[in-house]
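The structure appears below as structure tokens.
The values are calculated or read from the model by the stated rules, or taken from the named source; none is laboratory data. Being a predicted model, the structure only gives us computed values, none of them experimental. For accessibility, only protein heavy atoms count, side chains too; no ligands or nucleic acids. Shrake-Rupley method; radii C 1.70, N 1.55, O 1.52, S 1.80 Å.
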Amino acid sequence: MKVTVDPGLCYGSGDCVYRAPHVFTTVDGFGAVLPGQEETDDPKVREAAEGCPSQAISLTT
């Protein structure tokens, strides 16, 4: 699945980085996907998307 973070929706809770630090990082205080980690099947990423308080993480196939 492809992982993206909408910077317009993200308010920087950091929950994604806490749940999947190998895929997410923060840039200027907001969540972002690490380069090279845009495609993954890791269940922790799905958990991060479902738990994102601002619903800024999108998963597409």
Hey, what number do you get for the chain at 222 nm if only DSSP H runs of n ≥ 4 count, each worth -39500 (n - 2.57), divided across all residues, to the nearest 500?
-> -5500 deg cm²/dmol
If the chain between Met1 and Glu39 were fully stretched, how many nm would it gain, using 0.36 nm times the residue separation less the Cα-Cα distance?
-> 13.1 nm
Normalised Cα Rg of the chain, dividing by 2.2 N^0.38 Å with N its residue count, works out at 0.94
With every protein chain present, what is the per residue accessible area of the chain (1.4 Å probe, Å²)?
-> 61 Å²
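Please tell me the relative contact order of the chain in percent, rounded to the nearest whole number, where contacts are Cα pairs under 8 Å and at least six residues apart.
48 percent.
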For the chain, give the percent of accessible area contributed by carbon and sulfur heavy atoms, probe 1.4 Å, rounded to a whole number.
-> 52 percent
Per-residue HN-Hα couplings for segment 49-61 [Karplus 6.51, -1.76, 1.60; θ = phi - 60°; Hz; x = Gly/Pro] | 5, 5, x, 5, x, 9, 6, 8, 8, 10, 10, 10, 9
